[in-house]
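> Sharing a structure, written as structure tokens. Questions coming.
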């Protein structure tokens, strides 16, 4: 399962960089709008909206922006777009499998931007269902280890503490990512596991429905660099919400790329 951990670590670091660039805000706002349109504007009765709002708040999206998106999506305020979810399948450098999740109001533009990003960065579009079988939809919750930091020292969660809370609620596994724990669940168990954490008073960074690879492809430093460059190019498109890949990048290579 090491591919999961390394990929989550990388995605988490990338998310922090994206937030600095402001790219993340628009995607988070779009998620709120779609969740409110699909399940209603009340976060208490709409777990997907609740998680979308929580993630936006933790990423410092202004409260006014969050509230307007919720109202637009729920039909309480004019101006909501007709967002459609489209999943493209593709291959990156060295045959790395990729799922590219788009949320767009213009299918032609999204398809064109995805195709251009792939072809310019050593990738290609794949036929439907030729890549998706290598991924499973899962719930992924990221829990920071650090609880508090004082002059007396750091207080951190242990893996056993997390396991004790989440296993009974339906978690499949807990992976140690260094600074945080990644909790993997069936997609249908995401909300019960998240609620178990809240009931236990354990803070979490994000709770998302995600696609995790069932088959991982180990890559060398050169390929990893090319794959991440391709992902950056794809995520530069406003229509692309998420990119999932089955590249297995070692800790050593990740450290080199971070440097």
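Readers should treat all values here as calculations from the given coordinates under stated rules, not as data from a laboratory. Keep in mind the model is a prediction, meaning the values are calculated, not measured. Please note: Cβ atoms are built from the backbone with ideal geometry, for glycine as well, and neighbour counts cover all protein chains shown.
> For the stretch 40-65, enumerate the residues that are in contact (Cβ under 8 Å) with a residue 40 or more places away in the chain and outside any helix (DSSP H, G or I).
59, 60
> Scan the stretch 181-193 residue by residue and report those that are in contact (Cβ under 8 Å) with a residue 40 or more places away in the chain and in contact with a helix residue (DSSP H, G or I) (Cβ under 7 Å, 6 or more places away or on another chain).
Listed by number, the residues that qualify are 182, 183, 184, 185, 191, 193.
> For residue 211, state whether it is part of a helix (DSSP H, G or I) and touching a residue at least 24 places away in the same chain (Cβ under 8 Å).
No, not satisfied.
> Report, by residue number, each residue of the stretch 137-193 that is farther than 18 Å from residue 209 by Cα and in a helix (DSSP H, G or I).
Matches in the stretch 137-193: 159, 160, 161, 162, 163, 164, 165.
> Looking at the structure I just gave you, is residue 28 outside any helix (DSSP H, G or I), surrounded by 17 or more Cβ atoms within 10 Å (Cβ to Cβ) and under 14 Å from the mean Cα position of the chain (by Cα)?
no
> With the requirement that a residue be surrounded by fewer than 20 Cβ atoms within 10 Å (Cβ to Cβ) and in a loop (DSSP other than H, G, I, E, B), what does the stretch 102-133 give you?
Hits for the stretch 102-133 are 105, 106, 121, 122, 126, 127, 128, 129, 130.
> For the stretch 87-130, which residues satisfy the criterion of being closer than 16 Å to residue 35 by Cα and out of contact with any helix residue (DSSP H, G or I) (no Cβ under 6 Å at 6 or more places or on another chain)?
Within the stretch 87-130, 101, 105 meet the criteria.
> Turning to a different aspect of this structure: Exactly one of these conditions fails for residue 197: (1) under 30 Å from residue 92 (Cβ atoms); (2) in contact with a helix residue (DSSP H, G or I) (Cβ under 9 Å, 6 or more places away or on another chain); (3) surrounded by 18 or more Cβ atoms within 10 Å (Cβ to Cβ). Give me its number.
Single failed check for residue 197: (1).
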